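Okay, so here's the structure we're looking at.
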Amino acid sequence: MPRSIASRLFLSYLAVVVVGLAVAAITISGLLLRYENDQTRLHLQELSAPFLTAIQTGVRAGQQPREIVDALAEQAHAADARLLITTPQRRVVIDSEGSLAGALLPQPTSGNFGELTDGGVGLGFIVVARPRAVFTDTLRALLPSLAVSGAVALGFALLVAALLSRTITRPLRDLVAGVRRFAGGDYGTRVPLSGPSEVAEMGTAFNEMAGEIQRARGSEQAFLADISHELRTPLTSIQGFAQAIVDGEARGDAVSHVAGIIHREARRLVRMVEGLLQVARLESGAQALAREEVQPSRLLDGAIAALEVQAKEAGVTFDVSGADALPALRGDPDKLAQLFLNVLDNAVKHSPRGGTVHVHGERDDGVVVVRVRDAGSGLPDGAQSRLFERFYRGDNAERNGTGLGLAIAQAIAQAHGGTIRASNVDGGGAEFAVRLPVVKPLAGPN
């Protein structure tokens, strides 16, 4: 069996055509034989009437049947027929050609035989027959034409089969070529959507996959560029101040100051690496999460208490409403607490002194919605699409942050089957809406 689809399609079409031609040839031959048989029967019926009349007349005139048959033999031969006289038991006693004398005939066909009588007494039958071999004469005459027609049809079938197999497999060859170009590093490769619906659907799936891979590689390259930039700043500070100590440029009290800067930058690097690892584990599902019932109000109270000193120093207050009426969530208490802590911390950092961070809880169609609104300047243009990217910081963000807080919050929300959306609100400020599924109550007894 050929391995290529084109060869298999070609042979399949060819086999169908050959079988079709064979069936057509058998059918046509049968119809021709039937037609020839019917025409021969009609011809014999036309011939039988005068021959039967002549024999019956001769018998009545006292002639011997043998003499009568011999006299009519030449006429019968000219009409491609033969005359037979049989006994009542259908045994041939006289044959105009002599070869069937003594043979037993089957039941004569109606219309080409007659009864031979003498004074009302049945002497046998008179039969007008034609050799069956004559039936194949028509086929022999038509065989060359049929052979030529079959050869032409087969040649046309070969051409059509080749064209069809090539047409059907061309989109597959284009797809294979596109896959090879893509594997070779040309990530902008897309294949044309042509051919049968299944092949076009395969091409659509490949283009979608190629687009996702291209976007993923673009994000990966951007991430590598961002992390290189983010790591360079603290590493440069650590290297520079450590070199100052080694070279003896920092002496006395300056050594403590330089060591403090190195320690601060090292802690910043640690937080950055730990944040990246946490996001990677959450997004890949490699980090196991606890599944406990926890009240959103307790999570919010804990996050606000953890930010109390920071909020007091920034002159920011909290206004919480609707949290006590929220139903329980199911998830990891520590991760959920970190989620709300990161969102509230972001709101405090972006609120001016004397501002208020509004926290409102509500239930909406089986989910808990916690809205956190700051009193800042709002989201910059285009920030909504990049706000939760790793290392993204808007123009109004703190320069000392790692840029991972909101990325971690989103990863935690998604790991719990929830989402975070950010938007600007009327009157100024930005609002972050955290949506998390509530615990489904157990079914009661019937």
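Structure above, values below:
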read-out	value
Some residue of segment 33-44 being open to solvent by 40 Å² or more (accessible area, probe 1.4 Å), farther than 30 Å from A153 by Cα and in contact with a Pro (Cβ under 8 Å, 6 or more places away or on another chain)	no
Counted residues, segment 317-331 - those being within 12 Å of P296 (Cα to Cα) and charged (D, E, K, R)	2
Filtered residue count, segment 76-87, keeping only those that are in contact (Cβ under 8 Å) with a residue 12 or more places away in the chain and either open to solvent by 70 Å² or more (accessible area, probe 1.4 Å) or polar (S, T, N, Q) (or both)	3
Exclusive hit being under 30 Å from A71 (Cα atoms), outside any helix (DSSP H, G or I), open to solvent by 40 Å² or more (accessible area, probe 1.4 Å) and at pLDDT 70 or above, set E97, E115	E97
Filtered residues of segment 307-364 (kept if basic (K, R) and either on the phi > 0 side of the Ramachandran plot or under 42 Å from the mean Cα position of the chain (by Cα) (or both))	R330, K335, R363
Filtered residues of segment 178-193 (kept if of a type outside the set (F, W, Y), open to solvent by 40 Å² or more (accessible area, probe 1.4 Å) and touching a residue at least 12 places away in the same chain (Cβ under 8 Å))	V179, G188, R190, P192, L193
Strands (runs of 3 or more DSSP E) within segment 263-343 that include 3 or more residues closer than 20 Å to G417 by Cβ	292-294, 329-331
Residue count, segment 180-213 (criterion: part of a helix (DSSP H, G or I) and farther than 26 Å from L11 by Cβ)	14
Test set (1) open to solvent by 70 Å² or more (accessible area, probe 1.4 Å); (2) under 30 Å from V19 (Cβ atoms) - A162 fails condition number	(1)
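Residue-by-condition table, conditions (1) open to solvent by less than 60 Å² (accessible area, probe 1.4 Å); (2) at pLDDT 90 or above; (3) among the hydrophobic types (A, V, I, L, M, F, W, C):
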residue	(1), (2), (3)
D301	no, yes, no
V309	no, no, yes
L329	yes, no, yes
P333	yes, no, no
F340	yes, yes, yes
V348	yes, yes, yes
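The values are calculated or read from the model by the stated rules, or taken from the named source; none is laboratory data. Predicted model, so just to flag it, every value in this text is computed and none were measured. Note that we place each Cβ from the backbone using ideal geometry, even for glycine, and neighbour counts take in every protein chain shown. All accessible areas refer to the heavy atoms of the entire protein, side chains included, with ligands and DNA or RNA removed. Shrake-Rupley method; radii C 1.70, N 1.55, O 1.52, S 1.80 Å.
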